[in-house]
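See below for the structure under consideration.
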Amino acid sequence: VIQRRSIAQTSRMSEGPRDPALEPLSPRPSTIASKHPDVDHHEKGTADDEITAIIESLPTWKDQLTVRGALIGAGLGAVFCIVVHKLMLTAGLFPTFNTAAGLLSFVFLKASSAFTTKLGIKQPVLGAQENTVVQTFIIACCNIAFSGGFSLQLNALSYSTYKILDMPGDNPKATFEPTMSKTIPLLICISVIGVFTVVFLRKLFIIDYQLPYPSGAATGVLINGFYTPSGEDVAKRQIRVLGKWFSVSFLWGFFKWFFGGKHCPICSTPGSSCGGFSSFPTFGLTAYKWSWNFDFQINLIGTGMICSHAVDWSMMLGAIISWGVLWPYIDGKAGEEGWYPAGTPQSSMSGLYGYKIFITLAIFMSDGLYNIVKVLLLSGLHMRAKQAEIRRLRQQEQLDAEDQAERQAAEAAGVEEAGRVSLGLGQRSTPPA
């Protein structure tokens, strides 16, 4: 359904803008439909025939899988995987890259097509379908980088994490090193399970329920827009803006490298430390002890810009409550009875770190339990209301059927009585022999 809508929209956009002055004044389709249902049926049939003809003219799936698409998708997918790892290790989240992946795939496919044309190499005609394949390739790489656990679970199971935590009673043989021979089968299992899941969900939500699927529909409209008369100009402007801010971020990171950590002139002086641009003490050295610093990372600023304001404000409030109030308060309770022994390292689960983990886990689990109960309660109420509506409709249908049966019986009785009366009148009017 989404593909048909997107294709129909693309076909209308490819016709170019229409001049209202050249079009005769005519009532709206709804007005025509209300007055002339045959005209509305004819228009629907014509639109369906047009969409069917466009779909039949699309290339087959074998033509959409090209060598250049696979190479571009693999290259851009590797770059986006690095971005995902960096964001997961620093911020713990990453936004969706559907728009960026669609734009970059179009740019690289267009450049590859132009380059091979100049060399005289025959290549398939570039289309929205191949662009979608490359964009899907990139997003799949991002999702597998996240779902594979490279930034979370696999690091937590490694031997290096065991040495950092140094928990009493831990067994070093129970660690799991993410080697190639172990990681590749894990990723294959994750990918295959996802395929079996998405087929069922697609049939349920998109085909049966006909839900709009906003992210996929928006990506389809974006990619289709690149292949309209004005879409290529829009893509060129977008890639110029992308290149400008990419250059600014790259040059700023290169500049920050000279004034961060050991490269900072102040930090390299014995007895002095400010953190440089990598950890600038914005609120002073006392607050700097509790990680109140600014690292001037442009990628995190971009993540905050693309995330919703609800996420940004909630994370800022959590940072103020935890690092500004809660953790310093718990740290001051070290050595007191009922808390934890003095001198315990902050990274130990028996000290401050243990309080951090279990407090945040309690918040996560309570919020998850609340949402589960809420969804189950609302689903139950919705199902109950739907069943009540079904029972009401069935009762109404039964009453209507009974009324119709009564009317039919009354009509039959009336016809029979009229026949008797007519027969009686006929007998009376017959003269005797």
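Which FRET efficiency value, to the nearest 0.05, do you get for Ile239 and Ile184 by plugging their Cβ-Cβ distance into 1/(1 + (r/R0)^6) with R0 = 45 Å?
Between Ile239 and Ile184 the formula returns 0.85.
What is the distance in Å between the Cα centres of the range 133-205 and the range 323-383?
Distance between centres, Cα-based: 25 Å.
Under a crude label model (7 Å from the Cα following the beta-carbon direction), how far is Thr117 from Tyr370 in nanometres?
5.7 nm
In the range 332-373, which residues have a backbone nitrogen under 17 Å from the label point lying 7 Å from Ala174's Cα in the Cα-to-Cβ direction?
Under 17 Å, as judged by backbone N against the label point of Ala174, lie 349-350 of the range 332-373.
Rounded to the nearest 0.05, what FRET efficiency do Ile301 and Glu56 have when you use their Cβ-Cβ distance and R0 = 35 Å?
0.15
Quick one: if you stick a label point 7 Å off each Cα along the C-beta vector at Gln387 and Leu326, how many nm between them?
4.1 nm
Starting from the Cα gyration tensor of the range 275-378, multiply each eigenvalue by 5, take the square root, and state the resulting semi-axes largest first in whole Å.
27, 25, 10
Just so you know, all these numbers are worked out from the coordinates, no wet-lab data involved. It should be emphasised that the depicted structure is a prediction, and the values quoted were computed from it without experimental measurement. We place every Cβ from the backbone using ideal geometry, glycine too, and count neighbours over all the protein chains shown.
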